[in-house]
1. Can you work out the Karplus-derived ³J(HN,Hα) for every residue in region 102-113? Use 6.51 cos²θ - 1.76 cosθ + 1.60 with θ = phi - 60°, whole Hz, and x for glycine or proline.
2. I need the phi-derived Karplus couplings for region 38-43: 6.51 cos²θ - 1.76 cosθ + 1.60, θ = phi - 60°, integer Hz, Gly and Pro marked x.
3. Which cross-chain or sequence-distant (5 or more) residues have an amide H under 5 Å from the amide H of Ala24, H modelled 1.01 Å from N in plane?
4. When you count, for each residue, the other Cβ atoms within 10 Å and take the mean per peptide, how do 64-71, 105-112 rank with the highest first?
Amino acid sequence: HLHYYDLGLQTQQLSGCLRDHASAIIVDAVQSGQPPGSLLLIDLLELIAGAEQVSVRSCHGISIIDELILLKMQGTLPKRLIFIGIEVASTDWQQKLSKVLSENFAGILSSFESELYLQIAGSSRTQT
């Protein structure tokens, strides 16, 4: 079964969304220095594998990584957790796509769909 959750900026709801799922894919905008529209794929379990401490500056400033580390400590993370980032020119808040993303939307969507299907297929192969 495939479930979709739109958390917007509400990452504190992430734990409820991940609970009782064997696999999860998190999709978000990123700014990592690649050309806008590029996809960034990260195995989040590998990323947090060695992390044992959460460093939160304020109760309102918890990051997705901090949230995942807390879930790891609780033993409630899915067995497979993938992040697909879509590169944007700016992470400033806006209600619409940038000009670059709008002009290349069809190609970006096609690349994203291909990667998403590959990840979902990989998830089904690893479940018993």
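None of the figures in this text is laboratory data; all of them are computed from the coordinates on show. Small disclaimer: the values here were computed from a predicted structure and weren't measured. Heads up, the Cβs are rebuilt from the backbone with ideal geometry, glycines too, and the neighbour counts pull from every protein chain shown.
1. 4, 5, 10, 4, 4, x, 5, 4, 4, 4, 5, 4
2. Running phi through 6.51 cos²θ - 1.76 cosθ + 1.60 with θ = phi - 60° gives 5, 9, 10, 10, 9, 7 Hz.
3. Arg80, Leu81, Ile82
4. 64-71, 105-112
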